[in-house]
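Worksheet: one structure, shown below.
The values are calculated or read from the model by the stated rules, or taken from the named source; none is laboratory data. The structure displayed is predicted, hence computed values, not measured ones. Here the Cβ positions follow ideal geometry from the backbone for every residue, glycine too, while neighbour counts run over all protein chains shown. Ligands, DNA and RNA are stripped out before the accessible areas are found, and what is left, the full protein with its side chains, is counted by its heavy atoms. Shrake-Rupley method; radii C 1.70, N 1.55, O 1.52, S 1.80 Å.
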Amino acid sequence: MRKNLVIEVNKEIANLGVAYIKFHNLHWNVIGGQFKPVHEYLEVLYDSISDSLDEVAELLKINNEYPVASLKEFLELSEIQELGSKDVHFKDALVIALDDLLILAKQAKVVRELAIEDDLIGLVDSMEGIISNIEKEAWFIRAMLK
């Protein structure tokens, strides 16, 4: 696996790791009239992110590479920013989640293109799954925000 691909995959892993923690934060601290459905929806999102995080990290290991695996490394590489512990209105929580999902999709597209060049079908499939899932979740969130 080319070094630049390993770097880009690790950026996606870092984004997934930070998003996983951040979506828990939103799940715990969401408030407002739609608390319950948004609280439950955020749990669905972080569960999905957890699955993707594990899958992508394992794809690096399959290719004899090391995934980033510490919070320090996640924060150094992630484009997704942490969120402090505070109440977050449900609409704001959805906007934050949508923005972060779009960052995950953008990085997955970078990885997918590099993986196509290297004919790494498992990695291509994984990125396409992430992108496809995010497109659906983005639709859900945009509909909830109307």
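A compact table of results
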quantity: Residue within region 117-137 that is of a type in the set (Ser, Thr, Tyr) and without any contact (Cβ under 8 Å) to a residue 12 or more places away in the chain present; calculated: yes
quantity: Single residue of Ala143, Ala93 found to be hydrophobic (A, V, I, L, M, F, W, C), out of contact with any Phe, Trp or Tyr (no Cβ under 7 Å at 6 or more places or on another chain) and touching a residue at least 60 places away in the same chain (Cβ under 8 Å); calculated: Ala93
quantity: Members of region 39-63 that are in contact (Cβ under 8 Å) with a residue 24 or more places away in the chain and more than 20 Å from Ile103 (Cβ to Cβ); calculated: Ile62, Asn63
quantity: Qualifying residue in region 46-55 (condition: exposed (fewer than 14 other Cβ atoms within 10 Å of the Cβ) and more than 24 Å from Ile7 (Cβ to Cβ)); calculated: yes
quantity: Residue match in region 84-105 (condition: surrounded by fewer than 16 Cβ atoms within 10 Å (Cβ to Cβ) and more than 20 Å from Val38 (Cβ to Cβ)); calculated: no
quantity: Residue list for region 64-78, filter: in contact (Cβ under 8 Å) with a residue 24 or more places away in the chain and open to solvent by 90 Å² or more (accessible area, probe 1.4 Å); calculated: Asn64, Leu71, Glu76
quantity: 1 or more residues closer than 21 Å to Ser132 by Cα: qualifying helices (runs of 4 or more DSSP H) within region 1-117; calculated: 3-29, 35-62, 90-117
quantity: Subset of region 118-135 (residues that are aliphatic (A, V, I, L, M), out of contact with any helix residue (DSSP H, G or I) (no Cβ under 6 Å at 6 or more places or on another chain) and not in a loop (DSSP other than H, G, I, E, B)); calculated: Ile121
quantity: Test result for Leu145, surrounded by fewer than 16 Cβ atoms within 10 Å (Cβ to Cβ) and either of a type in the set (A, V, I, L, M) or at pLDDT below 95 (or both); calculated: yes
quantity: Residue within region 11-31 that is open to solvent by 30 Å² or more (accessible area, probe 1.4 Å), modelled with pLDDT of 95 or more, of a type outside the set (Val, Ile, Thr) and on the phi > 0 side of the Ramachandran plot present; calculated: no
quantity: In region 19-78, the residues that are closer than 15 Å to Glu137 by Cβ, within 13 Å of the chain's Cα centre (by Cα) and of a type in the set (Phe, Trp, Tyr); calculated: Tyr20, Phe23, Tyr46
